[in-house]
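**Student:** Let me give you the structure first, and then I'll get to my questions.
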Amino acid sequence: MTATDRSIELINAAALAAADKLAHDIIAYDVSDVLSITDAFLLASAPSDRQVKAIVDEIEERLNKDLGAKPVRREGDREARWVLLDYVDIVVHVQHSEERVFYALERLWKDCPEIDLPQEAKATRGKAAEHAKTLAGEEDGELR
């Protein structure tokens with residue numbers, strides 16, 4: 001079984017919304033063969049709690065406005081370190097960069113097929129590493 005057309009439509013819209021809010025390392029997996037509760041996962045991250053919340057809000061607003069989809073569940077809002085949006089067909093995980101590294105969801109789902117995302121979302125790959133490098137340079141006094 002593969003993810004439905006509706007699931008792919010939701011994933012692509014969520015990925016574009018996340019990219020518009022400068023999310024890092026956006027990736028999606030078709031988990032329909034291994035999970036019966038959903039078709040696909042979208043993973044994205046950001047370097048601050050505030051940005052995590054902004055990304056989540058944009059995804060929720062865009063999917064509601066453009067596709068008439070509302071999450072049946074939203075978890076992790078209070079801390080904004082790992083927010084989960086459950087749309088039944090898809091589940092969106094937006095994590096703080098530190099949580100993304102610690103929990104490494106990509107390792108759990110690496111055997112599932114990756115869903116091809118729009119170019120704007122693909123362009124976010126490696127942004128977390130670039131951001132960490134920039135911060136390290138600023139702390140060392142290299143950048144002013």
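**Student:** Could you grab me the full set of residues in the range 25-61 that are of a type in the set (S, T, N, Q) and over 9 Å from the mean Cα position of the chain (by Cα)?
**Tutor:** Of the range 25-61, the ones of a type in the set (S, T, N, Q) are 32, 36, 38, 45, 48, 51.
Ser32, Ser36, Thr38, Ser48, Gln51 - these are the residues of the range 25-61 that are of a type in the set (S, T, N, Q) and over 9 Å from the mean Cα position of the chain (by Cα).
**Student:** Where in the range 1-117 are the helices (runs of 4 or more DSSP H), entirely inside, with at least 3 residues that are open to solvent by less than 10 Å² (accessible area, probe 1.4 Å)? Write out each step before concluding.
**Tutor:** Values: elements: 5-20, 49-67, 97-103, 105-109.
Here the list reads 5-20, 49-67.
**Student:** Keeping to the range 83-122, report how many residues are free of Cβ contacts under 8 Å to residues at least 12 places away in the same chain and within 13 Å of the chain's Cα centre (by Cα).
**Tutor:** Here the count works out to 2.
The values are calculated or read from the model by the stated rules, or taken from the named source; none is laboratory data. Owing to the predicted nature of the structure, the values given are computational and were not obtained by experimental measurement. A quick note on method: Cβ atoms are made from the backbone with ideal geometry, for glycine too, and the neighbour counts reach across all protein chains shown. Surface accessibility is based on the protein's heavy atoms, side chains included, excluding ligands, DNA and RNA. Shrake-Rupley method; radii C 1.70, N 1.55, O 1.52, S 1.80 Å.
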